[in-house]
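The structure appears below as structure tokens.
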Amino acid sequence: MNEKRLNEIKTRKAEIKADLEDTTKDIDLDATNKELDALNAEEEKLQKRAEMAKNLETGEVDPDTVETVPGADDEEEEGGKEDMKEEKRTSKMSIKVRSFLRYMMTGGKETRGVTLANGQAVVPEELDNEIITEMREVSDVMNFINLKNVRGNLRVGNLSAIEANKDADGDTIQANGGVTGDITFGSYRTSAKIELGVGLDAESLEAFKEIVVSELALALALKLEAEVMTGTGKNEAEGLFAAELPAAQKMSVTAANFGHTVLATLKGKIRRAYGKRASYVVNTETFHELIEGMVGADGHPIYNENTELLLKKPVIISDEAPKGKILFGYGKRYWYNYNVAPQVASSEHEKFSEGMIVHRALAFGDGHIMDSKAFAMLEITAASTASTK
């Protein structure tokens, strides 16, 4: 039965692929994507069931449940080496990741195979990449910006200075524009804390890894999101709402005069090439109070709940954005470089009585606007002196 259904799934995927490659067909991409997700999930489940059934026949078990216990006469260190050899042979999870997870499970007691920095465990690169991917999934802001992972110092030219030459054919090429300034990314520390029950050490390492990736990604994403929105640029990232923009890209209006025409005007304040891919960024409370129920000149809502578009543009709603301000811009022109692997310190002492192990994660990075012409700002005030520019 499993094999028959797996063949059906394979056939359906081939049909979908053919439909997507046929440019003459009008395809509902959202529906197709949902169908593929469902097919992949079902396929993975059926394959896992088949593997479990096969293991029952052969007498094999999941390597995550196997532990090689050193003999009575064995040295602890030698036993540890044998454990790692066995893990490398039977599991896809690297020894570095397994060692790091055991460090967390034991509240920082087990440090064999762990890279330490300032007494804290460095997250292995393999796990770090999964955390970054998950951060983009759990935070719309992390997905909106250009989240990079370049190790060490990063120094790039200021993209605001780049212009195209307008020379005619045969003219001498003139140096028009180009990089006139550099932006150097620092390595500022951001800390986040997660708490996991001590009973989790009874779970498989694979299950524990999923929990760690999910919790660390969420905790770090929320912390970094606050910096990306309102960071001062001093000993922390430069925030989108805190950066100084050219006067022509700033607007101010009273709450009484705020309407859909103001939001439409804001779209015209940035380069058109950026505007095609730009989004609105707004505080959660400001969105629900001022925008969600707003209607246009035709009497229809300007925000579409089904498509999550505001005036046909995506809208990023964030608790960390300042109230009373709305940003419109192309997020990929804001870079946040996550330049040092996170470090984790684990302790079972802080909440011992509650049966919890506390893990403190430290991330290091910096963020900057790479082209100020990619963003425009609207401030909604209560002052009667405000004006729309």
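The values are calculated or read from the model by the stated rules, or taken from the named source; none is laboratory data. All of these numbers come straight from a predicted model, not from anything done at the bench. We place every Cβ from the backbone using ideal geometry, glycine too, and count neighbours over all the protein chains shown. Please note that ligands, DNA and RNA were not included when accessible areas were found on the heavy atoms of the full protein model with its side chains. Shrake-Rupley method; radii C 1.70, N 1.55, O 1.52, S 1.80 Å.
Applying the set (1) crowded, with 18+ Cβ neighbours inside 10 Å; (2) part of a helix (DSSP H, G or I); (3) of a type in the set (A, V, I, L, M, F, W, C) to V253 leaves exactly one unmet item: (2).
For a quick check of your reading: which helices (runs of 4 or more DSSP H) sit entirely within region 22-107 and have at least 1 residues that are modelled with pLDDT of 50 or more and of a type in the set (D, E)?
In region 22-107, 29-58 are the helices (runs of 4 or more DSSP H) which contain 1 or more residues that are modelled with pLDDT of 50 or more and of a type in the set (D, E).
I'd like the full set of residues that are surrounded by 17 or more Cβ atoms within 10 Å (Cβ to Cβ) and within 13 Å of T261 (Cα to Cα), limited to region 281-303. Within region 281-303, I291, I302 qualify.
In the set (1) in contact with a helix residue (DSSP H, G or I) (Cβ under 7 Å, 6 or more places away or on another chain); (2) over 30 Å from F208 (Cα atoms), the condition left unmet by Y336 is number (2). Within region 235-247, is there a residue that is out of contact with any Ser or Thr (no Cβ under 9 Å at 6 or more places or on another chain) and under 16 Å from D371 (Cα atoms)? Yes: one or more hits. Just give me the residues in region 266-280 being surrounded by 16 or more Cβ atoms within 10 Å (Cβ to Cβ) and either out of contact with any Asp or Glu (no Cβ under 9 Å at 6 or more places or on another chain) or of a type in the set (G, A, S) (or both), in sequence order. Residues satisfying the conditions are L266, K267, K269, I270, G275, A278, S279, Y280. What's the total number of residues in region 227-250 that are in a helix (DSSP H, G or I) and open to solvent by 30 Å² or more (accessible area, probe 1.4 Å)? Looking only at that region, the number is 3.
Just so you know, in region 110-122 the residues that are assigned to a loop (DSSP other than H, G, I, E, B) and in contact (Cβ under 8 Å) with a residue 24 or more places away in the chain include one that is surrounded by the most Cβ atoms within 10 Å (Cβ to Cβ), and it is G113.
When region 126-150 is filtered for residues that are open to solvent by 40 Å² or more (accessible area, probe 1.4 Å), closer than 30 Å to T230 by Cβ and in a helix (DSSP H, G or I), the ones remaining, listed by number, are N129, E130, T133, E134, R136, E137, V138, D140, N143.
A264 meets the conditions (1) farther than 30 Å from A31 by Cβ; (2) in contact (Cβ under 8 Å) with a residue 40 or more places away in the chain; (3) in a loop (DSSP other than H, G, I, E, B) in every case but one. The failed one is (3). Of the residues L222, L200, L196, L216, the single one that is over 28 Å from K269 (Cα atoms), part of a helix (DSSP H, G or I), at pLDDT below 80 and hydrophobic (A, V, I, L, M, F, W, C) is L200.
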